[in-house]
Amino acid sequence: MLRACKRLLRPAGRVAFYTIFVPSGLSQAEYRRAARAGPAAVTSRGREQADLLRSAGFTGVSEIDVTEAFLRTTRAWYEARARYAGQLSEAEGEASFRERQRDYRLQAQAIESGLLRRALFVAERPR
Amino acid sequence: MTRNKDTISRFHDRYSLPVTDAALAVEKEVIGANVGASGYTTVAQANALIPELRLRPGTLLLDVGAGRGWPGLYLAQETGCRVVLADIPAPGLATAVKRAREGRISDRASFVRAAAEHLPFLSGVFDAVVHTDTM
């Protein structure tokens, strides 16, 4: 996908993305727990996003960690949705509402345990 | 069903739900927006993208995995840039089309139903690309 982004950008064009990822250096068991707890799109492991950007041909790669904000936002989704449980359950369906609440809870635990991170990556297509 | 297809199906179902007042109130409280978004990008984090992507009037931005249009439409609204929103679930894009109309930026917003891996655009046409938690 990063190579596709680079292809679409004009020279000196910029890409920026927030992404949730599993940090390097986890055991197999920790990785499995992280993959289960994170959003379905979380697949990256091992090679850091910054390295992937450089491999795709981007320059000026920067990374800003936003994991603390990610934890706050995950908890906030859980807590705010819990306060509107009746209305949201009616709209989403009881089972779906409960499943999403469980997912937020597991995700918050995984972030607290250092199994999930979120960061903003920015890079430029060379001129 | 593969994990990817499962994800697409899940978002299709989620975007098919009506955006209720309760959902908007929760979203406003959590990320500061009220557009039907359900991710982790707050308004402050969306604002941080503007200088990083050097967005300004006339800039052409591609939002990959745009969902209901957050943050792509917001960035277009705030900066005057043009935006192309690309995603697979049609219900999300339909909401984004409606929002662009309501926000009076339809003339600067385009919508394409496409996967991130197969984006149907010519090379070198965009000034900036953004995506939020789509990979």
Residues with amide H under 5 Å from that of B:VAL129, placed H, sequence gap 5 or more: A:ARG14, A:VAL15, A:ALA16, B:LEU62
Can you give me the orientation-averaged projected area of the convex hull built on the Cα atoms of the range A:1-126, in nm²? 8.9 nm²
What does the highest-first list of A:69-77, A:116-124 look like by mean Cβ count within 10 Å? A:116-124, A:69-77
GNM on chain B, C-alpha springs below 10 Å: top fluctuator among B:ARG113, B:ARG104, B:ARG56? B:ARG104
Mean separation of Cα contacts under 8 Å (at least 6 apart) over the residue count of chain B, i.e. the relative contact order in percent, is 24 percent
Determine the shielding of peptide B:118-131 by partner chains: average, over its residues, the number of Cβ atoms on other chains within 10 angstrom of each Cβ. 6
Placing each pseudo-label 7 Å from Cα in the direction of the beta carbon, B:VAL125 and B:ASP21 end up separated by a distance in nanometres of 4.3 nm
Could you give the semi-axes, largest first, of the ellipsoid that matches the range B:1-89, computed as the square roots of 5 times the alpha carbon gyration tensor eigenvalues and rounded to whole Å? 24, 17, 11
Tell me which of A:ALA56, A:TYR78, A:SER27 sits at the most positive position along the dipole axis of the range A:14-101, charges placed on C-beta atoms (Lys, Arg +1; Asp, Glu -1). A:SER27
What's the magnitude of the charge dipole for chain A around its Cα centre, counting Lys and Arg as +1 and Asp and Glu as -1 at the beta-carbon? Answer in Debye, nearest 20. 540 debye
Roughly what would the spin-label model give for B:HIS118 and A:ASP51, points 7 Å off Cα along C-beta, in nm? 3.1 nm
The range B:6-50 and the range B:90-134 have their Cα centres apart by a whole-number Å value of 16 Å
Label-point separation (nm) for A:ARG98 and B:ARG56, each offset 7 Å from Cα along Cα-to-Cβ? 5.5 nm
What number does the protein assembly as shown give for Rg over Rh if you use C-alpha atoms and the Kirkwood radius? 0.95
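We did not get these values from a lab; they are worked out from the coordinates using the rules stated. Since the model is a prediction, treat every value here as computed from it, not as a measurement. Don't worry about glycine lacking a Cβ; one is built from the backbone with ideal geometry, like all the others, and counts go over all protein chains shown.
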